[in-house]
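Asks: Quick one: the structure is below, and I'll ask about it shortly.
The values are calculated or read from the model by the stated rules, or taken from the named source; none is laboratory data. What you are looking at is a predicted structure, and each value in this text was computed from that prediction instead of being measured. Because the Cβ atoms are built from the backbone with ideal geometry, glycine has one as well, and the counts that use them run over all protein chains shown.
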Amino acid sequence: MRASGILLPVFSLPSPYGIGTMGKAAYEFVDFLVSAKQKYWQILPLGPTGYGDSPYQSFCSFASNSYFIDLDILESKGLLLKEEYQNEPWGENPDKVDYGLLYRKRNKVLEKAFNRFDKENLSFKAFCRDNAYWINDYAIFMSLKEHFGGKEWQSWPEDIRMRHNDALVKYGTHLSEKILFHKFLQFEFFTQWTQLKKYANEKGIMIIGDIPIYVSPDSSDVWSRHYLFLTDEDRNLTSVAGVPPDAFSATGQLWGNPLYNWDAMEQEDFYWWKQRTGMASLLYDYVRIDHFIGIERYFSIPAGSDTAATGVYHQGPGMKLIDAINQSRGNMGIIAEDLGVLTDNVRKLLEKTGYPGMKVLQFGFSGEPSNDNLPMHYKKNLIAYTGTHDNDTILGWYKKLDRKNKDFLRKYLNRSRVHVYDLIFETMKSVANTAVVPIQDWLCQGSKSRINFPSVAFGNWTYRITDNMLTESLAQKISDMTTLCAR
C-alpha cells in the first residue's frame, strides 16, 4: 500500500522547556499528521545521549532519554508544582536545544518528582522486574557516572570498572536511592511513551523508530557485557567502528564505537540482539536498522587511529543475525538502512531478508542517468527520502549543487526553475511504497536547519520547530500532494 510520512525527531518538537517531549506538542503533531493525510511519524533513536549529544551514542541500548519526559504531565499527576519548572529559563533560542543547560538543570527538576513518587507503586515494581535484564545494570551505571563526576567508565576505580562483586555491593548500597531514581525515570518515560504511541496508533499513525547498529563505548552495555565486544583483558577496546571514505567524508568516518565479538554473540544465539529487538518492538511499529551494511560486512579500525583510513573490512554475521532479529520482532516491521557502498553480497542479503531498503533523492543527481538513487529507478519495496537526518535540507543542498548537476537536475525535472516542492513531488510520486520527507523540507528551510553534520562531533542534534510552523495551510499542502500521489 502506498503511504507517506514525516521525519521529525522527538527533541525537535516545540516545548517551552528546552527540548521536545512526549507532551502536548507531540499529540498535536500526531493530529497534524492525520490532517496532512500521513501514515508514518519517523523519529531518531530514543536512547539517553552522551558525548556529543548524538542519539547514535547512547549510554544504554535499552534505556530511553529522560529529557523527553514531559514536565506538564508530571505536574498533572501531582509529582511537580508549576513553579518548580515553569519559571526556569530553559534556553535562549526556542529553535535550538541547549544540551548543556539541560544536563545541569533537568535532573534537579525530575528529582523533585521522584521525591513525591510512591516507590511502592505496583506498576513501577512490575516494570523493574520485567526489565531487570537491563535496567539494573543501567541504573547503577548512571549512578556511578554521576558519583565519579561524569567520567567514562573506563577511568573509574579498577574494582568497579572490572565489576568485582564486593564493589558492586558496596556502590549499590551507597547509591541505592540514586539507582532507584534512574529506574523511576525509565518507568516514567515508558509510561508516557506508551500513552503517546497508543494515541498515534488509534489515529492511524505508525511510529518508525531507529536502532543504531553499534553502541557507545561509554555505555552500560559494554561495561556489563564486555565479552560481547572486541576488548582486551583490561576491557579496553581493540578495534572500533566506522566507514571508509564516501559521499559524506573524504577521510571516512571514525565513529569510535566498539565492534561486536560476533563469535561470542553467536555462542549465545544472539540473545542480546533478541532482547534489543524485543525492546524495540514495544516502542515502535517499524524500526530502521542503522548501517544495515555492517551486518554483511563491517569496517574495523584499530583503536587509537586518527582517521578511518587504516580500517579494513571483515565478514559480518549475515543471515544468522537476521534470523535472530526475525524471531524476536513480533509484528514490528523492519527497514534496512542500506545507504553507502553496496556490494553484491549486501544486495543478496537484503533481497533474502525481504526488508525494504532506502533511497535518497539527493544522492541521485550526480549527472549520471544510471544513478539508482534517481526516482525513475526506484522499486516498490523501499523507502524513498528527499534526505535523512545526515543530509542537508533540500533547499540547502540545492543551493550548494554545482552548475553541472544543477543543469542535469533541471533537465531531469524538465524545469528551468526548481522549487523545493518539485523535489518532494518527485519523491512522493515515485513507485516506492513509502515516501518520507523531513519536516524541514516541507517548511522549505535552509542549511541552518539541518540536523546533523556527519564526522562533526559537536553542535548537532539541536534543530527544533516552533509552535507557529505546523499550520493548517501547511497540512493542506501536504494533504493535497499526498492525495495527488495516491498515498
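Asks: What are the residues in region 327-344 that are more than 20 Å from the chain's Cα centre (by Cα) and either closer than 21 Å to His377 by Cβ or free of Cβ contacts under 8 Å to residues at least 12 places away in the same chain (or both), if any?
Replies: Val341, Leu342, Thr343, Asp344
Asks: Do we have Phe187 as at pLDDT 95 or above, within 23 Å of the chain's Cα centre (by Cα) and either surrounded by 19 or more Cβ atoms within 10 Å (Cβ to Cβ) or farther than 20 Å from Tyr284 by Cα (or both) here?
Replies: yes
Asks: Regarding Val215, is this residue crowded, with 22+ Cβ neighbours inside 10 Å, aliphatic (A, V, I, L, M) and closer than 29 Å to Trp397 by Cβ?
Replies: Numbers: crowded, with 22+ Cβ neighbours inside 10 Å: yes; aliphatic (A, V, I, L, M): yes; closer than 29 Å to Trp397 by Cβ: no.
No, not satisfied.
Asks: Right, next: It is to be established whether one or more residues within region 360-371 are within 24 Å of the chain's Cα centre (by Cα), surrounded by fewer than 16 Cβ atoms within 10 Å (Cβ to Cβ) and under 28 Å from Phe425 (Cβ atoms). Can you show your working first?
Replies: Taking region 360-371 first, the residues within 24 Å of the chain's Cα centre (by Cα) are 360-363.
With the extra rule that they be surrounded by fewer than 16 Cβ atoms within 10 Å (Cβ to Cβ), the set shrinks to none.
For region 360-371, residues within 24 Å of the chain's Cα centre (by Cα), surrounded by fewer than 16 Cβ atoms within 10 Å (Cβ to Cβ) and under 28 Å from Phe425 (Cβ atoms): absent.
Asks: Confirm whether Ile6 is among the β-branched types (Val, Ile, Thr) and within 29 Å of Ala132 (Cβ to Cβ).
Replies: Against the criterion (among the β-branched types (Val, Ile, Thr) and within 29 Å of Ala132 (Cβ to Cβ)), Ile6 does not qualify.
Asks: Let me ask something additional. Go through region 123-218 and tell me which helices (runs of 4 or more DSSP H), entirely inside it, have 1 or more residues that are among the small types (Gly, Ala, Ser) and in contact with an Asp or Glu (Cβ under 6 Å, 6 or more places away or on another chain).
Replies: 165-174
Asks: While we're on this one: Looking only at region 38-57, filter to residues that are under 11 Å from the mean Cα position of the chain (by Cα) and among the polar types (S, T, N, Q); which one of those is farthest from Gln253 (Cα to Cα)?
Replies: The extreme case among them is Gln42.
Asks: Now a separate question. For region 374-388, what are the residues that are surrounded by fewer than 22 Cβ atoms within 10 Å (Cβ to Cβ) and under 22 Å from Cys444 (Cβ atoms)?
Replies: Of everything in region 374-388, those that are surrounded by fewer than 22 Cβ atoms within 10 Å (Cβ to Cβ) and under 22 Å from Cys444 (Cβ atoms) turn out to be Pro375, Thr388.
Asks: Among the residues of region 202-255, write down those that are of a type in the set (Phe, Trp, Tyr) and in contact with a strand residue (DSSP E or B) (Cβ under 7 Å, 6 or more places away or on another chain).
Replies: Tyr214, Phe229, Trp255
Asks: For Trp41, are the conditions met, namely being surrounded by 23 or more Cβ atoms within 10 Å (Cβ to Cβ) and more than 28 Å from Asp137 (Cβ to Cβ)?
Replies: yes
Asks: Please enumerate the residues belonging to region 359-411 that are in contact with an Asp or Glu (Cβ under 6 Å, 6 or more places away or on another chain) and either within 16 Å of Thr434 (Cβ to Cβ) or among the small types (Gly, Ala, Ser) (or both).
Replies: Correct list: Pro375, Thr386.
Asks: I'd like to verify a number: residues in region 401-457 that are modelled with pLDDT under 95, on the phi > 0 side of the Ramachandran plot and in contact with a helix residue (DSSP H, G or I) (Cβ under 8 Å, 6 or more places away or on another chain), how many?
Replies: 0
Asks: When the residues of region 92-138 are narrowed to those that are closer than 16 Å to Lys178 by Cα and in contact with a Cys (Cβ under 9 Å, 6 or more places away or on another chain), which ends up surrounded by the most Cβ atoms within 10 Å (Cβ to Cβ)?
Replies: Tyr138
Asks: Then there's this: Given the criterion modelled with pLDDT under 95 and in contact with a strand residue (DSSP E or B) (Cβ under 7 Å, 6 or more places away or on another chain), identify the matching residue among Ser300, Ser305.
Replies: On inspection, the qualifying residue turns out to be Ser305.
Asks: Right, something else. Please specify each residue of region 228-270 satisfying the condition of being acidic (Asp, Glu), within 18 Å of Pro302 (Cβ to Cβ) and out of contact with any Ser or Thr (no Cβ under 8 Å at 6 or more places or on another chain).
Replies: Selection gives Glu233, Asp234.
Asks: Further question: Looking at region 76-91 only, could you name the residues that are out of contact with any helix residue (DSSP H, G or I) (no Cβ under 9 Å at 6 or more places or on another chain) and either of a type in the set (A, V, I, L, M, F, W, C) or at pLDDT below 95 (or both)? Explain how you work it out, then say what you get.
Replies: At the first step, the residues of region 76-91 found to be out of contact with any helix residue (DSSP H, G or I) (no Cβ under 9 Å at 6 or more places or on another chain) are 76, 83, 87.
Asn87 - this is the single residue of region 76-91 that is out of contact with any helix residue (DSSP H, G or I) (no Cβ under 9 Å at 6 or more places or on another chain) and either of a type in the set (A, V, I, L, M, F, W, C) or at pLDDT below 95 (or both).
Asks: Every residue in region 412-463 that is surrounded by fewer than 15 Cβ atoms within 10 Å (Cβ to Cβ), in contact with an Asp or Glu (Cβ under 7 Å, 6 or more places away or on another chain) and in contact (Cβ under 8 Å) with a residue 40 or more places away in the chain, please.
Replies: Result: Ser447, single match.
Asks: Related question: If you take the residues in region 224-245 that are part of a loop (DSSP other than H, G, I, E, B) and in contact with a Gly (Cβ under 6 Å, 6 or more places away or on another chain), which one is surrounded by the most Cβ atoms within 10 Å (Cβ to Cβ)? Working first, answer last.
Replies: Taking region 224-245 first, the residues part of a loop (DSSP other than H, G, I, E, B) are 225, 230, 232-236, 238, 244-245.
Right, trim to in contact with a Gly (Cβ under 6 Å, 6 or more places away or on another chain) and you get 244-245.
Details: Pro244: 17, Pro245: 14.
Of everything passing the filter in region 224-245, Pro244 is surrounded by the most Cβ atoms within 10 Å (Cβ to Cβ).
Asks: Oh, and also: Tell me, please, whether a residue that is assigned to a loop (DSSP other than H, G, I, E, B), more than 23 Å from Lys203 (Cα to Cα) and aromatic (Phe, Trp, Tyr) can be found in region 42-57.
Replies: First, pick out the residues of region 42-57 that are assigned to a loop (DSSP other than H, G, I, E, B): 43-48, 50, 54-57.
Filter again for more than 23 Å from Lys203 (Cα to Cα), leaving 47-48, 50, 54-57.
After this cut, where a residue has to be aromatic (Phe, Trp, Tyr) as well, the list is 56.
Yes, region 42-57 contains a residue that is assigned to a loop (DSSP other than H, G, I, E, B), more than 23 Å from Lys203 (Cα to Cα) and aromatic (Phe, Trp, Tyr).
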